[in-house]
Amino acid sequence: MSNNVSSISITKKRLGDIPVNMEAYFAEAGNADLKTLFAKQLTEAKQLFKSIDEEKSMHSYAEGKWTLREVLQHLIDAERVFAYRALAFARQDKTVLPSFDENDYANNSNANGRSWSDLAEEFVSLRQSTEYMYNSFATAAFDTIGKASNYTIGVSTLGFVIVGHVNHHFTIIKERYLA
(Lines give C-alpha, C1' and ligand atoms only; values in the text may rest on other atoms or scores of the structure.)
Protein backbone atom coordinates (compact mmCIF):
# COMPACT_ATOMS: atom_id res chain seq x y z
CA MET A 1 0.00 0.00 0.00
CA SER A 2 1.41 3.41 -0.93
CA ASN A 3 2.02 6.08 1.67
CA ASN A 4 -0.33 8.84 0.67
CA VAL A 5 -3.51 10.51 1.82
CA SER A 6 -5.50 7.55 0.49
CA SER A 7 -3.87 5.13 2.89
CA ILE A 8 -2.80 7.22 5.89
CA SER A 9 -4.52 9.80 8.00
CA ILE A 10 -3.23 13.31 7.36
CA THR A 11 -4.09 15.11 10.54
CA LYS A 12 -4.14 18.80 11.16
CA LYS A 13 -0.67 20.18 11.83
CA ARG A 14 0.35 23.78 11.62
CA LEU A 15 3.46 23.91 9.45
CA GLY A 16 5.01 27.26 8.65
CA ASP A 17 3.98 30.74 9.70
CA ILE A 18 0.42 30.95 8.43
CA PRO A 19 -0.51 34.55 7.57
CA VAL A 20 -3.19 36.15 9.69
CA ASN A 21 -5.74 36.11 6.85
CA MET A 22 -5.37 32.31 6.54
CA GLU A 23 -5.47 31.49 10.27
CA ALA A 24 -9.27 31.57 10.28
CA TYR A 25 -9.45 29.24 7.28
CA PHE A 26 -7.09 26.78 8.95
CA ALA A 27 -9.26 26.90 12.10
CA GLU A 28 -12.50 26.48 10.10
CA ALA A 29 -11.32 23.29 8.43
CA GLY A 30 -12.21 21.12 11.39
CA ASN A 31 -10.17 18.36 12.95
CA ALA A 32 -10.90 15.30 10.82
CA ASP A 33 -8.23 13.90 8.53
CA LEU A 34 -7.76 15.70 5.23
CA LYS A 35 -9.14 12.91 3.06
CA THR A 36 -12.39 12.87 5.06
CA LEU A 37 -12.69 16.66 4.95
CA PHE A 38 -12.19 16.83 1.18
CA ALA A 39 -14.81 14.12 0.55
CA LYS A 40 -17.36 15.55 3.01
CA GLN A 41 -17.00 19.04 1.62
CA LEU A 42 -17.42 17.89 -1.98
CA THR A 43 -20.71 16.21 -1.05
CA GLU A 44 -21.87 19.40 0.72
CA ALA A 45 -20.80 21.52 -2.25
CA LYS A 46 -22.84 19.49 -4.71
CA GLN A 47 -25.93 19.82 -2.50
CA LEU A 48 -25.45 23.56 -2.03
CA PHE A 49 -24.91 24.16 -5.75
CA LYS A 50 -28.11 22.25 -6.62
CA SER A 51 -30.08 24.53 -4.28
CA ILE A 52 -29.12 27.63 -6.30
CA ASP A 53 -30.67 28.26 -9.69
CA GLU A 54 -29.30 30.38 -12.53
CA GLU A 55 -31.37 33.44 -11.56
CA LYS A 56 -30.41 33.28 -7.87
CA SER A 57 -26.74 32.87 -8.82
CA MET A 58 -26.71 36.47 -10.07
CA HIS A 59 -27.75 37.70 -6.59
CA SER A 60 -25.53 39.91 -4.49
CA TYR A 61 -26.51 40.48 -0.87
CA ALA A 62 -25.45 44.15 -0.89
CA GLU A 63 -24.28 46.87 -3.24
CA GLY A 64 -20.66 46.33 -4.23
CA LYS A 65 -20.56 42.70 -3.04
CA TRP A 66 -19.86 39.76 -5.32
CA THR A 67 -22.64 37.78 -6.95
CA LEU A 68 -22.89 34.11 -6.09
CA ARG A 69 -21.23 33.37 -9.43
CA GLU A 70 -18.32 35.60 -8.48
CA VAL A 71 -18.04 33.93 -5.07
CA LEU A 72 -17.90 30.51 -6.69
CA GLN A 73 -15.33 31.70 -9.23
CA HIS A 74 -13.31 33.08 -6.31
CA LEU A 75 -13.40 29.65 -4.63
CA ILE A 76 -12.20 28.05 -7.86
CA ASP A 77 -9.39 30.58 -8.33
CA ALA A 78 -8.23 30.39 -4.71
CA GLU A 79 -8.23 26.59 -4.70
CA ARG A 80 -6.11 26.60 -7.85
CA VAL A 81 -3.61 29.01 -6.29
CA PHE A 82 -3.43 27.10 -2.98
CA ALA A 83 -3.18 23.74 -4.77
CA TYR A 84 -0.38 25.01 -7.01
CA ARG A 85 1.49 26.18 -3.94
CA ALA A 86 1.07 22.75 -2.35
CA LEU A 87 2.31 21.07 -5.53
CA ALA A 88 5.35 23.33 -5.82
CA PHE A 89 6.29 22.83 -2.18
CA ALA A 90 5.73 19.06 -2.31
CA ARG A 91 8.06 18.92 -5.30
CA GLN A 92 10.73 20.85 -3.35
CA ASP A 93 10.51 23.93 -5.59
CA LYS A 94 12.40 26.65 -3.73
CA THR A 95 10.89 29.50 -5.77
CA VAL A 96 9.17 32.15 -3.64
CA LEU A 97 5.64 32.15 -5.03
CA PRO A 98 3.77 35.42 -5.51
CA SER A 99 0.71 36.56 -3.60
CA PHE A 100 -2.56 37.02 -5.45
CA ASP A 101 -5.14 39.77 -5.16
CA GLU A 102 -8.59 38.19 -4.93
CA ASN A 103 -10.29 41.39 -6.07
CA ASP A 104 -8.15 41.67 -9.21
CA TYR A 105 -8.94 38.05 -9.97
CA ALA A 106 -12.68 38.66 -9.43
CA ASN A 107 -12.69 41.80 -11.54
CA ASN A 108 -11.15 39.90 -14.43
CA SER A 109 -12.95 36.58 -14.05
CA ASN A 110 -15.99 36.94 -16.31
CA ALA A 111 -17.88 34.91 -13.69
CA ASN A 112 -21.18 36.67 -14.41
CA GLY A 113 -20.82 35.79 -18.09
CA ARG A 114 -20.81 32.09 -17.27
CA SER A 115 -23.65 29.85 -16.18
CA TRP A 116 -24.02 28.71 -12.59
CA SER A 117 -24.11 25.09 -13.68
CA ASP A 118 -20.81 25.49 -15.56
CA LEU A 119 -19.13 27.07 -12.54
CA ALA A 120 -20.49 24.35 -10.24
CA GLU A 121 -19.18 21.61 -12.56
CA GLU A 122 -15.79 23.31 -12.68
CA PHE A 123 -15.59 23.45 -8.88
CA VAL A 124 -16.45 19.74 -8.60
CA SER A 125 -13.88 18.83 -11.23
CA LEU A 126 -11.22 21.02 -9.61
CA ARG A 127 -11.87 19.56 -6.17
CA GLN A 128 -11.55 16.05 -7.55
CA SER A 129 -8.27 17.12 -9.15
CA THR A 130 -7.06 18.58 -5.85
CA GLU A 131 -7.88 15.30 -4.13
CA TYR A 132 -5.99 13.32 -6.77
CA MET A 133 -3.00 15.62 -6.33
CA TYR A 134 -2.99 15.20 -2.55
CA ASN A 135 -3.43 11.44 -3.00
CA SER A 136 -0.29 11.39 -5.14
CA PHE A 137 1.98 12.90 -2.49
CA ALA A 138 4.41 10.69 -0.61
CA THR A 139 4.11 10.88 3.17
CA ALA A 140 7.21 13.08 3.50
CA ALA A 141 5.71 15.67 1.13
CA PHE A 142 3.01 16.56 3.64
CA ASP A 143 5.64 17.94 6.01
CA THR A 144 7.40 20.11 3.44
CA ILE A 145 7.07 23.87 3.57
CA GLY A 146 7.58 26.59 1.03
CA LYS A 147 7.43 30.32 0.76
CA ALA A 148 4.67 32.34 -0.84
CA SER A 149 4.79 36.11 -0.63
CA ASN A 150 6.07 36.90 2.89
CA TYR A 151 5.19 33.70 4.71
CA THR A 152 6.02 30.01 4.81
CA ILE A 153 3.36 27.33 4.85
CA GLY A 154 3.28 23.55 4.70
CA VAL A 155 1.71 21.24 2.15
CA SER A 156 -0.67 19.63 4.65
CA THR A 157 -1.50 23.03 6.13
CA LEU A 158 -2.50 24.27 2.67
CA GLY A 159 -4.89 21.34 2.36
CA PHE A 160 -6.66 22.42 5.53
CA VAL A 161 -6.64 26.05 4.35
CA ILE A 162 -8.34 24.94 1.12
CA VAL A 163 -11.10 23.23 3.10
CA GLY A 164 -11.45 26.07 5.62
CA HIS A 165 -11.58 28.74 2.92
CA VAL A 166 -14.48 26.96 1.24
CA ASN A 167 -16.22 26.44 4.62
CA HIS A 168 -15.86 30.17 5.31
CA HIS A 169 -17.51 31.14 2.03
CA PHE A 170 -20.20 28.47 2.29
CA THR A 171 -21.20 30.00 5.63
CA ILE A 172 -21.39 33.45 4.04
CA ILE A 173 -23.47 32.05 1.17
CA LYS A 174 -25.93 30.42 3.56
CA GLU A 175 -26.18 33.40 5.93
CA ARG A 176 -26.12 36.34 3.53
CA TYR A 177 -27.17 35.09 0.11
CA LEU A 178 -29.69 32.35 0.89
CA ALA A 179 -31.18 33.45 4.21
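The values are calculated or read from the model by the stated rules, or taken from the named source; none is laboratory data. Every value quoted in this text rests on a predicted model; they were computed, and no experiment measured them. So basically every Cβ, Gly included, is an ideal-geometry build from the backbone, and we count neighbours across all protein chains shown. When the accessible area is computed, the model is the full protein with side chains, heavy atoms only, and any ligands, DNA or RNA have been set aside. Shrake-Rupley method; radii C 1.70, N 1.55, O 1.52, S 1.80 Å.
Tell me, what are the semi-axes, in whole angstrom and largest first, of the equivalent ellipsoid of the range 37-158 as set by the roots of 5 times the Cα gyration tensor eigenvalues?
29, 18, 10
Below 8 Å, C-alpha to C-alpha, sequence gap of six or more: please give me the relative contact order for the range 38-147 in percent.
Worked out over the range 38-147, it gives 40 percent.
Using the Kirkwood radius over Cα pairs, work out the Stokes-Einstein diffusion coefficient for the range 115-179 at 25 °C and 0.890 mPa s, in µm²/s as a whole number.
176
Residues of the chain: accessible area per residue at 1.4 Å, in Å²?
Each residue of the chain exposes 49 Å² on average to a 1.4 Å probe.
For the range 44-89, what log10 I(q)/I(0) values come out of the Debye formula at q = 0.23 1/Å, with one point per alpha carbon and no solvent?
-0.85
Considering only DSSP states other than H, G, I, E and B, which GluC sites (Glu not before Pro) in the range 29-90 qualify as loop sites with at most 13 other Cβ atoms within 10 Å?
Glu54, Glu55, Glu63
Please report the carbon-and-sulfur percent of the accessible area for the chain; probe 1.4 Å, protein heavy atoms only, DNA, RNA and ligands left out.
50
Assigning unit charges at the beta carbon (Lys, Arg +1; Asp, Glu -1) and nothing else, what dipole magnitude in debye, to the nearest 20, does the range 1-158 show about its Cα centre?
Using only the charged Cβ atoms, the result is roughly 580 debye.
Across the Cα atoms of the range 52-119, what radius of gyration and what greatest pairwise Cα-Cα distance (Dmax) are found, in Å?
Here Rg and the maximum Cα pair distance are 14.7, 45 Å.
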